[in-house]
Each structure stands twice: as structure tokens, then as C-alpha cells.
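Q: My structure is below; once you've seen it, I'll send some questions.
The values are calculated or read from the model by the stated rules, or taken from the named source; none is laboratory data. Fair warning: this is a prediction, and the values are worked out from it, not measured in the lab. Cβ atoms come from the backbone with ideal geometry, glycine included; neighbour counts cover every protein chain shown. Note: areas computed on protein heavy atoms with side chains; ligands, DNA, RNA excluded. Shrake-Rupley method; radii C 1.70, N 1.55, O 1.52, S 1.80 Å.
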Amino acid sequence: MLSEADVRALVQGRHADAFAVLGPHADGEGGYWLRVFVPGAEALVALCGGHELPLKRRHADGLFEGRLPDRPALAGGAYRLRAVWHDGHTQELDDPYRFGPVLGELDAWLLAEGTHLRPYEVLGAHERVLDGVAGTAFAVWAPNASRASVVGDFNAWDGRRHPMRLRRECGVWELFLPGVGIGAHYKFELLDREGRLLPQKADPYARRAELRPATASIVAAMPERVAPSPERQRANALDAPIAIYEVHLASWRKRDGHYWLDWDELADQLVPYAAEMGFTHLELLPVSEHPFDGSWGYQTLGLFAPTARHGDPAALVRFVERAHAAGLGVLLDWVPAHFPTDAFGLARFDGTALYEYADPREGWHNDWNSLVYNFGRAEVRNFLVASALYWLERFGVDGLRVDAVASMLYRDYSRRPGQWIPNVHGGRENLEAIAFLKRLNEVVGAERAQAITLAEESTAFPAVSRPTWAGGLGFHYKWNMGWMHDTLQYMRRDPIHRPYHHGEMTFGLVYAFHENFVLPLSHDEVVHGKGSLLAKMPGDRWQRFANLRAYYGFMWGHPGKKLLFMGGEFAQLSEWNHEQSLDWHLLDASEHAGVQRLVKDLNTLYRSAPALHEQDCVGAGFEWITHDDAQRSLLAFLRRARDGATMLVVCNFAPVVQHGLRLGVPAPGRWLERINTDSVHYGGSNVGLALGAVASEPVASHGRTHSVVLTVPPLATVFLQWTP
């Protein structure tokens, strides 16, 4: 019979090895003891081999045991239980403690090694059929816990009911629960190494979660792998046009002005809108589950679970399919830089700093009051890389924009002297994070070659978007934060002061081809008191709109892929507020509708003219005509395709018309006006080429044998396409 010490440990929920005592166990005399713990049961009968064996109540809390006199009665381990509950009704159950280990030996080895490419296929909650019985296999990494249990709506959230088996070789606790299926709500209940009860934890590998403020994980089907697409791979290439529409789904548009749109509604509304506007990609602020709306998803705790705010995971799969059918790629913001301290999350998961660095000088983010992943731990790196691969393979998304990379690269990021720990060489670089980022990009490249990764990296760290074999971090693209900062600073200035700050618009070309850049006008530029893009522009109402249109023209003409946050395409007046919809009513005003038409036309021209995108990332695609005409706040440059197709871009950031402006051109021919941001169509004054084109003259200018004479509108950008 079971010892009293074991009985007390079981009924108190403190037994460290439930499988050693529960279920069938040989007694050494040819028979078996069968022990079952079912809190709330009045009586329990074992059903096996056509026999019924009433079990003796060993403890009033629901611990039963009985001896089976012969071995054949449990041949194959197949038996069931009949429980009689307090209210008199009966129920037949399968005993979880008659089933063998869930994890295979190879899985356990790879998990321990930190090299399991897809740990989400074995950790978390997975529908399984074992010995002909349907249920769910649960597994959680918690090596320092003294006991782990599955709790949920199937066992009254009683941590004593279903303690798990520890696989010591990899620190994973596992349990197969018969009869538990899709839709069940669950968490893990852990005791730390001293036996103290921890807050119930959501599953780090959960594929679905409850809508906040509820925090349970939900058993969900594994999405099928999405087949690779050569078409999507071509759309992500360095020589492809990439114009990204960045979206916070909860505030892009609301149903009835108050409610979030679900994935299917977003597929019906957002997808056709972005496609009609000429964008090539949608970038979604983090859609992984997060507890606080005000974090916009950047304080995520569900790195495998699409947020319940917009529906279930299957609906996200449909959304991506609809986007692809409309010719749009889907990029997700993904956050491996930090995570919040919520008690139900990853913080001190098994009573120790399991996912985070233990020392706050490494493991605490001063800027966000959050925790930093321990990039030096193989299992944590594996967890993060697996999350990236999961979104790419299982939802078919086209890429991940990795947030806050700079904070990962430097140990002294946002820390004063004495508040950080140098690396093993005494330097400030986080060598473990660097190794993780390289590993991430290598795995993505090997396993999902069509996908891209984009780094939000705000420092001069070298070779962010260069291959790892060449000494780089391996990202495909890097956000050009310097370009954004300098050019917005210039655009804020009153035109009378711009001649003294001309370099703010030209400096970006000094380093434009050191990385594969995306030019970002993101959500970060229209929050926290910064105002909208339109609000940053100086002058009266007409001038503000003209400045913004000219700036967009400069951006779309400039080398680099494009990114614009929602609302910017129609000159949102107010700063972005995540709690309310964009101000779509502004489109009733001609100026706002004009900006929207301009962005659509810029996207259309950018996509249709190889000169504007084909050599975005190499110097051969760009040539200055004039970059030093500061007195007139004038810029003129050429963009070229590989076959020699050429576009002339002229920017006038002064509020006066430039009459008779002679500019050198590389070859004789006609120069056709393709876009003039001062067009009346966009809300401008309609100054420009009266005939829509100008022929070159054999008059030398700007070091070239031929030139054109232009009338350039005030506060405007003009695109002129060369035709021989």
C-alpha cells in the first residue's frame, strides 16, 4: 500500500513524482496496485478485462487504491475508471497515469541541446491519440520546479488533480490528458524548488489565449504549414518594389465606431484598401497575444498565439490568404527584445529567472520596465527562433520586423555607468544577443527562404543587413532611422531657415547603400506628443499640405524601400490614438483626399517604374544632379534601372516658384512629367510643365552636355521620366 508520506504529498499537491505512485504498479508478487486521485469522487471502480474492481478510499479528498490479484487483468495497461460523484451521477474516465511518456527521445535530446527547430510541435498543448484514446498532450519547460500540474476547466483548476511527469534529461514536464480537446482552457501550476506555490502560468507555447483581462491558454489546432511561394519570394527581393502600409489593427477602423474588426472584417476592408492604394505589403503591429492594449502589442506574452482581439488563429490564416490573393505581402512586428512582468507570464516562470537574465543589470529594461530574455541560454534562444519560424511557416506571413534591435545589441543600452555588465572581453556589445540574431536569420534563410527579416536598429552597428557569412547580422533590410530623423527635422523648419540645414536632406545619401534600407515614417513618429506628420509641417494650411506632399515625393524618389504608418496616407490631423479609429471623415476635405490620391499615384509610379525600385539598395541606381543648391532649398537627382531607364526627381523645398531652372541631364531626349505634387489633382497650385514634357537642349550644365529648363512649383517634388 501507499505510504502515508506519499498520501499526504498527493492530497496536498506536493508530490514531485506522481507517476511513481499513481496508476498501475507491480507489487512484486505478480499482481498490481492501482492508485487513482480524483478529488470530489465518492466512489471509484476500475474497469479492466471485463472485470469491475471497486477501489478503496484511502483519503477523503479522493485518493483511491486497490490491488489487482493477477497480471492479465491489466494486460496492455488498458483500463478505465467509473467515478461516482457527490450528486450521485456517474462518469467513465480514462486514467492519465496509465500512459507512457509523451516526448520522444530525439525530441528530448534536441530540447536539452537547444537545437530543436520546431519545439512548438512538442511543447505546449497538442491533440493526440494514445493507445486509441483521444486527448491532449501537455508539455512545459520548467526545470527548477519541484512539481508541475495542468489545471483547467476540465479539472476545476485544481493543481492536485493532474501533476505531470518530469523528463529530467531536458527539464520538461509532460502529461497526456484523455478526453481534453480543442477549446479547453488551461494553465500550468508550479511549485518552485522550495515547494512554494507560484501564480498559475499561461503556456509559453500556447497557440491561442483568452481575451484580456482573462489570461488562460486555450487548446487549439496546429495550423497547417503554408507551402512556399516563388511569387512571394520575388515580391520580397532587393530589386522588387516594396511599399509598406504599417497598421495597428485595433485602431485602423472600428465597427460602429467602437469595436475591433475581426480578421474576416479586416480581410474585407483593410486588404482591398491597401491594395487599391498601391501598397505592396501590410505590416501589422504585433499581433501576438499581449495583456495591455496601451502597449500596442510590444509587451507581448504569447509569442505563438495571435491575439484574441481579432479572432482565432484560423481566421488569421484566412486573412493572410486574402492578402496574398490581393497581391499584398504580410509582415508582422515581432518582439524578442523584452517581455512584461505579469505574474501569469514568463517572469520567474519556475521560481527562477528561467527566460530572463537573473541580474537586473542584464535582465531589466529601464525604458519599458520589462524583462530581457537571457540570450545566453540555449533553450531561450530556441524558444525565440521557433516563434519566428512558427509565424512564417504556419501562417504564411512574408516577414518579421524585429523591434528594438539596438536595445539587444548593447549591454549599456539606456543604462548609466555601473548599471551594466561588460561582455567577456570587457566591451559593451551583447555577444549572446548578436549570436541569437545571427542564428535567427540563418534559420529563417534555411527553412523559409521566401521570408524576410527587417531590423529596427537605430545605431551605426555595422552590417546589420549583410549576410552572416560576410560578418553581418543577416537581416534582409534595416529601418533607416537616421534618414527619418534628419529629414523630418528639416521639414519642421520654416523654409526661411532651410538653406542653413540643407545637409539634413542630403546626408542620408552618404551612407544610403551601406545597408539595405527601408525609409520609415512609422507609428513612433506620430505618438507621445510628437503630433501627426501634417502637424510637423510649417506654414499656413496650404503650405503644410504642400510641404507634406513634397516630402512624400522626396521619400518615394529617394533610394530605399518605403514604409508609411496608417493615417499618413491622407494626412491625419491629430496624433495617433490607439483607442480610437483613424479620422476617415477627413477625406471629405479636398486637401486630405488630394494627399491620399498622391500616395496612391506615388505607389503606382514606384511599382511600375523599375528606375525607382530596381536598384534601391545599390549605388548604381542613384546619381546627384545638384545637392548643394542650399540657397534655393533645391535638390535634383536621377534614379536608374539596370537597363538604363531613368527618372529625374526635382525637389523644391522653398515656397517660391523656380522659373527657368536649368538642370543637366545624362542624355538627350524628352523628359515626361509623371508626378507633380503641386498638381491641382492633389490640392496644389498646378504650377509645372504646361505641355507635360520638356525636350533636352545641347547646353552644358552640371557637368553634362545636355540640359533641360524647368519651371519648378513651390514646395513640391516633380518626377520626370526620360524617353530617348
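Q: log10 I(q)/I(0), Debye, Cα-only the range 573-708, no solvent, q = 0.17 Å⁻¹?
A: Summing over Cα pairs of the range 573-708 leads to -1.07.
Q: While we're looking at this one, here's another question. Restricting to the range 315-451, compute how many DSSP beta bridges are antiparallel as a %, nearest 5. Mind showing how you got there, number by number?
A: Working: 5 of 9 bridges.
The answer is about 55 percent antiparallel.
Q: Of Lys187/Lys478; Lys438/Lys561; Lys56/Lys201; Lys536/Lys561; Lys201/Lys254; Lys536/Lys562, which sit over 29 Å apart, Cα to Cα?
A: Over 29 Å apart, Cα to Cα: Lys187/Lys478; Lys56/Lys201; Lys201/Lys254.
Q: Of the listed values (1) 3, 13, 21, 20, 16, 11, 7, 5, 3, 1, 0; (2) 3, 13, 24, 28, 21, 9, 2, 0, 0; (3) 2, 11, 17, 21, 19, 14, 10, 5, 1, 0, grab the one calculated as P(r) over Cα pairs in 10 Å bins from 0, in percent from the structure here.
A: The value matching this structure is (1).
Q: About the Cα centre, and with charges only on the beta carbon of Lys, Arg (+1) and Asp, Glu (-1), how big is the dipole of the range 377-505? Nearest 20 debye, please.
A: Charge dipole, the range 377-505, about its Cα centre: 220 debye, nearest 20.
Q: Which one, Ala378, Gly329, Leu635, projects farthest toward the positive side of the charge dipole computed for the chain from Cβ point charges (K/R +1, D/E -1)?
A: Most positive-ward Cα: Leu635.
Q: Rounded to the nearest 5, what is the percent of antiparallel bridges among the DSSP beta bridges in the range 224-333?
A: 35
Q: Next question. Taking the Cα centre of the chain as the origin and placing charges on Cβ (Lys, Arg +1; Asp, Glu -1), which of Val133, Gln12, Gly396 is farthest toward the positive end of the dipole?
A: Value computed over the given set: Gly396.
Q: Okay, moving on. Relative contact order of the range 222-317: what whole-number percent is it, with Cα pairs under 8 angstrom and at least 6 residues apart?
A: After rounding, I find 27 percent.
Q: Have a look at the DSSP beta bridges in the chain and tell me what percent are antiparallel, nearest 5.
A: 80
Q: Determine the dipole magnitude for the range 571-660: charges of +1 sit on the beta-carbon of Lys and Arg, -1 on that of Asp and Glu, nothing else is charged, the reference point is the Cα centre, and the result goes in debye to the nearest 20.
A: Here the size comes out at about 380 debye.
Q: Which whole-number value in Å² is the accessible area per residue of the chain, probe 1.4 Å?
A: On a per-residue basis, the chain sits at 37 Å².
Q: Placing unit charges on C-beta atoms (Lys and Arg positive, Asp and Glu negative, everything else neutral), compute the dipole magnitude of the chain about its Cα centre in debye, rounded to 20.
A: Its charge dipole is roughly 1020 debye.
Q: OK, next. Take each of the peptides 307-316, 535-544, 402-411, average the number of other beta-carbon atoms within 10 Å over its residues, and list them starting from the highest.
A: Output ranking for 307-316, 535-544, 402-411: 402-411, 307-316, 535-544.
Q: So what's the back-of-envelope 222 nm ellipticity for the chain, counting only DSSP H runs of four-plus at -39500 (n - 2.57) apiece and dividing by all residues, rounded to 500?
A: -6000 deg cm²/dmol
Q: Relative contact order for the chain using alpha-carbon pairs under 8 Å, separation at least 6, rounded to a whole percent?
A: Over the chain, the number comes to 9 percent.
Q: In the range 222-281, what GluC sites (Glu not before Pro) fall in a loop by DSSP, with at most 16 other Cβ atoms inside 10 Å?
A: Qualifying residues, ordered by number: Glu224.
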